[in-house]
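Everything on this sheet refers to the single structure shown next.
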2 protein chains.
Amino acid sequence: MVVAHDSLFQFTKSILEAAGCPEKDARLGAQVLLSADLRGVDSHGVARLVGYVRLIDKNRVNTRPDVKIVHETPSTGVIDGDAGLGLVVGPEAMNLAIDKAKQVGSGWVAVRNSNHYGIAGYHAMLALKDDCIGIAMTNASPLVAPTFSKERLLGTNPIAVAIPADKEPPFVLDMATTTAANGKLEILQRKNKQAPTGWIQDASGQSTTDPNGVKDGGALLPLGGDREHGSHKGYGLSSVVDILSAVLSGANYGPWVPPFVAFMEPAADPVGKGIGHFFGAMRIDGFRPSGEFKSHMDNWIGRFRNAEPIMKGHDVLIPGDPERKLEHERRKDGIPLLDAVVNDLKGLSDRFGVEFPGEI
Amino acid sequence: MVVAHDSLFQFTKSILEAAGCPEKDARLGAQVLLSADLRGVDSHGVARLVGYVRLIDKNRVNTRPDVKIVHETPSTGVIDGDAGLGLVVGPEAMNLAIDKAKQVGSGWVAVRNSNHYGIAGYHAMLALKDDCIGIAMTNASPLVAPTFSKERLLGTNPIAVAIPADKEPPFVLDMATTTAANGKLEILQRKNKQAPTGWIQDASGQSTTDPNGVKDGGALLPLGGDREHGSHKGYGLSSVVDILSAVLSGANYGPWVPPFVAFMEPAADPVGKGIGHFFGAMRIDGFRPSGEFKSHMDNWIGRFRNAEPIMKGHDVLIPGDPERKLEHERRKDGIPLLDAVVNDLKGLSDRFGVEFPGEI
């Protein structure tokens with residue numbers, strides 16, 4: 001089923017309002033979710049709406065949070081999200097980082113007591129309009145095993161970096177610190193296909209190609225896959241994201257991060273509050289004139305895009321290229337939804353009496 | 001041959017002085033180089049001394065640089081290294097970042113017109129004494145092909161992050177953004193052994209296990225190895241390092257980065273000055289009380305170190321553990337040097353009339 005962006009946005013906003021969010025927060029939350037669907041990160045878009053509502057049902061998400069700055073210096077700060085939707089707390093924290101960058105050149109904000117914030121790239125890109133480099137990270141439910149570990153101690157802990165250019169579109173890196181995102185495994189499970197080696201390990205810690213390996217007590221592998229291919233680097237990067245997001249802010253870290261799924265209970269012995277995020281903004285002209293920087297970014301992007309390809313027709317891509325292409329298409333042609341997602345959304349439609357949009 | 005740390009340090013310092021560096025710079029340069037040898041990053045230690053001297057001979061390194069802040073805000077700045085040794089310019093820039101962190105919570109300094117700065121971890125760790133998180137990056141000679149590219153457009157562009165703990169030693173990540181560092185290939189070449197797949201591609205862009213593949217016109221591969229295993233992520237991270245280090249500072253980026261080896265000439269059409277670095281420091285108590293943070297870091301480190309291992313005897317390591325262990329051993333037992341390195345150092349000894357230390 002393919003649904004028009006605007007109708008799906010209105011539907012999502014209405015559900016969030018019906019679930020208890022103020023209109024402004026519902027609008028922002030819907031924007032963040034839909035940006036994932038537009039950019040092709042389907043696992044982080046409206047597919048998760050029912051998950052957020054379940055967390056609201058269990059009072060693990062507060063729809064009327066009192067988001068507060070609990071500590072700050074001119075260029076740093078910590079925000080307590082009061083258990084609000086990360087979709088709403090995230091942009092507020094990023095905007096504080098941008099304000100600090102406007103004042104003193106850069107701003108760095110760690111967030112505690114939050115929930116899943118959707119796609120990292122959305123938050124990082126908020127900095128672009130102010131000629132800033134934007135950075136966004138978050139920790140997440142433990143699904144990833146460090147190198148040599150049988151246990152899952154880390155989330156897919158993404159890093160997003162958005163960098164403005166002039167005539168070229170911005171450089172937007174948005175990556176999980178695992179070899180493959182969990183969403184890709186779900187697709188293989190649905191198609192009953194094997195996973196490549198280096199993506200997952202089974203419950204005994206051995207490499208497996210069974211796409212159900214993670215469900216069955218195994219783990220996703222850090223970027224690199226195994227020690228010989230640098231999995232200790234992926235593990236290290238994921239750890240930095242965890243520490244900046246949670247140890248710095250006072251959120252839960254490592255295996256204590258509360259699960260996104262409502263049917264699993266958070267740890268009985270939390271080491272902090274909720275999940276953690278980390279945001280940064282650096283004003284370009286805190287380093288060199290913005291015009292100069294952007295024209296060199298155009299030159300950088302042009303040189304890489306025009307690199308001699310290994311295979312004809314497979315040109316070198318700039319981070320953000322595939323997502324932008326998809327966004328352009330999906331704004332025009334609509335957003336494709338899997339049957340399982342349509343069923344979930346129709347369930348919400350029935351429950352809250354909000355009409356589900358028809359096929360485009 | 002195994003040489004005592006202190007004698008090798010004195011020798012290195014004396015050579016740098018004989019080559020024209022002021023005593024203070026020679027001392028610092030020797031410290032940075034020796035820290036690599038102590039920590040087991042042998043490719044970035046005294047093995048490179050002859051390379052630096054050759055660059056001085058060619059006037060590509062300025063031994064008496066006038067290092068200047070060319071632009072700054074309270075939390076950001078750009079330093080022009082005046083073509084000095086990166087070993088000396090690096091710590092100066094990192095110290096500026098730390099000073100800014102003391103003033104306004106964080107400091108971020110991009111550097112242009114510099115040269116190779118040794119191991120990234122040394123610079124990041126400078127922040128630890130002031131209860132700051134330290135970050136260091138640098139771009140480097142193009143040896144790495146982006147995903148889908150036949151051409152080498154990026155360096156091994158390392159990222160280092162140093163984070164203080166309390167009773168536990170600090171967390172120190174220091175990683176090239178490639179699957180394997182160039183130094184590992186050199187070892188395989190010497191032993192005439194094949195490389196694992198996923199480390200390098202040949203001149204036509206195909207995966208190869210020939211350890212001479214890079215020399216023969218191929219390239220190192222970004223962390224991930226191939227597209228299916230996330231090489232686009234390693235390529236993205238390496239790009240961020242390149243952009244922050246060089247596009248932000250006004251240094252050369254991508255394929256324009258001047259080669260470390262003196263026998264290769266820099267690009268005839270530079271896009272900036274020298275090579276670029278990027279440093280950051282964030283004061284812990286800009287986020288939460290330092291004692292609180294450090295005790296949670298101890299908890300984080302302890303939990304990960306005690307994770308259930310896949311294989312008995314192969315415990316989960318904390319980034320920085322192997323290097324610290326080696327440093328402890330080598331301070332006591334001396335630094336092992338390859339014959340080729342000893343020959344180079346003896347050549348410098350003869351040329352400058354500085355006695356080369358004997359076996360420990």
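Some values worked out for this structure:
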item	result
B:Ile335, sole failed condition from (1) closer than 30 Å to B:Leu49 by Cβ; (2) exposed (fewer than 14 other Cβ atoms within 10 Å of the Cβ); (3) at pLDDT 95 or above; (4) of a type in the set (A, V, I, L, M, F, W, C)	(2)
Residues located in segment B:36-79, provided they are small (Gly, Ala, Ser) and under 16 Å from B:Ile275 (Cβ atoms)	B:Gly51
Residue ID - nearest to A:Pro146 (Cα to Cα), chosen from residues in segment A:160-193 that are modelled with pLDDT under 95 and of a type in the set (S, T, N, Q)	A:Asn182
Residue count, segment A:240-264 (criterion: more than 8 Å from chain B (Cβ to nearest Cβ), assigned to a helix (DSSP H, G or I) and farther than 14 Å from A:Val111 by Cβ)	1
Residue list for segment B:294-311, restricted to those being within 8 Å of chain A (Cβ to nearest Cβ), within 17 Å of A:Ser239 (Cβ to Cβ) and in a loop (DSSP other than H, G, I, E, B)	B:Ala307
Among the candidates B:Gly280, B:Gly286, B:Gly274, residue that is assigned by TED's automatic domain parsing to the domain that holds B:Ala110 and on the phi > 0 side of the Ramachandran plot	B:Gly274
Selection status of A:Ala140, in a strand (DSSP E or B), within 21 Å of the chain's Cα centre (by Cα), more than 11 Å from chain B (Cβ to nearest Cβ) and not aromatic (Phe, Trp, Tyr)	no
Residues (surrounded by 15 or more Cβ atoms within 10 Å (Cβ to Cβ) and either assigned to a helix (DSSP H, G or I) or of a type in the set (Asp, Glu) (or both)) located in segment B:269-288	B:Ile284, B:Asp285, B:Gly286
Qualifying positions in segment A:145-162 - buried (at least 24 other Cβ atoms within 10 Å of the Cβ), touching a strand residue (DSSP E or B) at 6+ places or on another chain (Cβ under 6 Å) and within 7 Å of chain B (Cβ to nearest Cβ)	A:Val161
Test result for A:Lys346, in the same structural domain as A:Ala47 (by TED's automatic domain parsing), more than 30 Å from B:Phe278 (Cβ to Cβ) and either in contact with a strand residue (DSSP E or B) (Cβ under 6 Å, 6 or more places away or on another chain) or not aromatic (Phe, Trp, Tyr) (or both)	yes
Options A:Pro211, A:Pro222: the member that is more than 16 Å from the chain's Cα centre (by Cα), surrounded by 24 or more Cβ atoms within 10 Å (Cβ to Cβ) and outside the structural domain of A:Ala101 (by TED's automatic domain parsing)	A:Pro222
Search result, residues across segment A:169-187 that are within 10 Å of chain B (Cβ to nearest Cβ) and β-branched (Val, Ile, Thr)	A:Val172, A:Thr177, A:Thr178, A:Thr179
Test set (1) touching a Lys or Arg at 6+ places or on another chain (Cβ under 9 Å); (2) crowded, with 21+ Cβ neighbours inside 10 Å; (3) of a type outside the set (Lys, Arg) - A:Gly205 fails condition number	(2)
Residue among B:Val257, B:Val240 that is at pLDDT 95 or above, touching a Ser or Thr at 6+ places or on another chain (Cβ under 6 Å) and of a type in the set (A, V, I, L, M, F, W, C)	B:Val257
Number of the exception - B:Arg303 against (1) on the phi > 0 side of the Ramachandran plot; (2) free of Cβ contacts under 8 Å to residues at least 12 places away in the same chain; (3) crowded, with 16+ Cβ neighbours inside 10 Å	(1)
Among (1) more than 20 Å from A:Asp166 (Cα to Cα); (2) at the interface with chain B (Cβ under 10 Å from one of its Cβ atoms), the one test that A:Leu338 misses	(2)
Of the criteria (1) within 10 Å of chain B (Cβ to nearest Cβ); (2) farther than 28 Å from A:Gln189 by Cα, which one A:Pro319 fails	(2)
Residue selected from segment A:190-205 under the condition over 14 Å from A:Leu220 (Cα atoms) and not in a loop (DSSP other than H, G, I, E, B), by the criterion nearest to the other protein chains (Cβ to nearest Cβ)	A:Lys191
Matching residues, segment A:61-102, being among the acidic types (Asp, Glu), within 28 Å of B:Gln103 (Cβ to Cβ) and away from chain B (no Cβ under 14 Å)	A:Glu92
Among (1) touching a Gly at 6+ places or on another chain (Cβ under 6 Å); (2) not basic (Lys, Arg); (3) not in a loop (DSSP other than H, G, I, E, B), the one test that B:Gly291 misses	(1)
Some residue of segment B:176-187 being surrounded by 24 or more Cβ atoms within 10 Å (Cβ to Cβ), in contact with a strand residue (DSSP E or B) (Cβ under 6 Å, 6 or more places away or on another chain) and either assigned by TED's automatic domain parsing to the domain that holds B:Cys132 or of a type outside the set (Asp, Glu) (or both)	yes
Among the residues listed as B:Gly51, B:Gly105, B:Gly20, the single one being surrounded by fewer than 20 Cβ atoms within 10 Å (Cβ to Cβ) and on the phi > 0 side of the Ramachandran plot	B:Gly20
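Conditions tested, residue by residue: (1) within 24 Å of the chain's Cα centre (by Cα); (2) surrounded by fewer than 17 Cβ atoms within 10 Å (Cβ to Cβ).
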| residue | (1), (2) |
| --- | --- |
| A:Pro319 | yes, no |
| A:Glu323 | yes, no |
| A:His328 | yes, yes |
| A:Lys346 | no, yes |
| A:Phe352 | no, yes |
| A:Glu355 | no, yes |
| A:Glu359 | no, yes |
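Conditions (1) without any contact (Cβ under 8 Å) to a residue 40 or more places away in the chain; (2) among the aromatic types (Phe, Trp, Tyr); (3) not in a loop (DSSP other than H, G, I, E, B), marked per residue:
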{"residue": "A:Pro266", "(1), (2), (3)": "no, no, no"}
{"residue": "A:Gly313", "(1), (2), (3)": "yes, no, no"}
{"residue": "A:Leu317", "(1), (2), (3)": "yes, no, no"}
{"residue": "A:Asn343", "(1), (2), (3)": "yes, no, yes"}
{"residue": "A:Glu355", "(1), (2), (3)": "no, no, no"}
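Okay, residues lined up against (1) of a type outside the set (A, V, I, L, M, F, W, C); (2) buried (at least 23 other Cβ atoms within 10 Å of the Cβ); (3) modelled with pLDDT of 95 or more; (4) more than 24 Å from B:Asn343 (Cα to Cα):
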position	(1), (2), (3), (4)
B:Asp57	yes, no, yes, no
B:Val61	no, yes, yes, no
B:Val67	no, no, yes, yes
B:His71	yes, no, yes, yes
B:Thr76	yes, yes, yes, yes
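The values are calculated or read from the model by the stated rules, or taken from the named source; none is laboratory data. Every value quoted in this text rests on a predicted model; they were computed, and no experiment measured them. With ideal geometry, Cβ positions are generated from the backbone for all residues, glycine too; neighbour counts draw on all protein chains shown.
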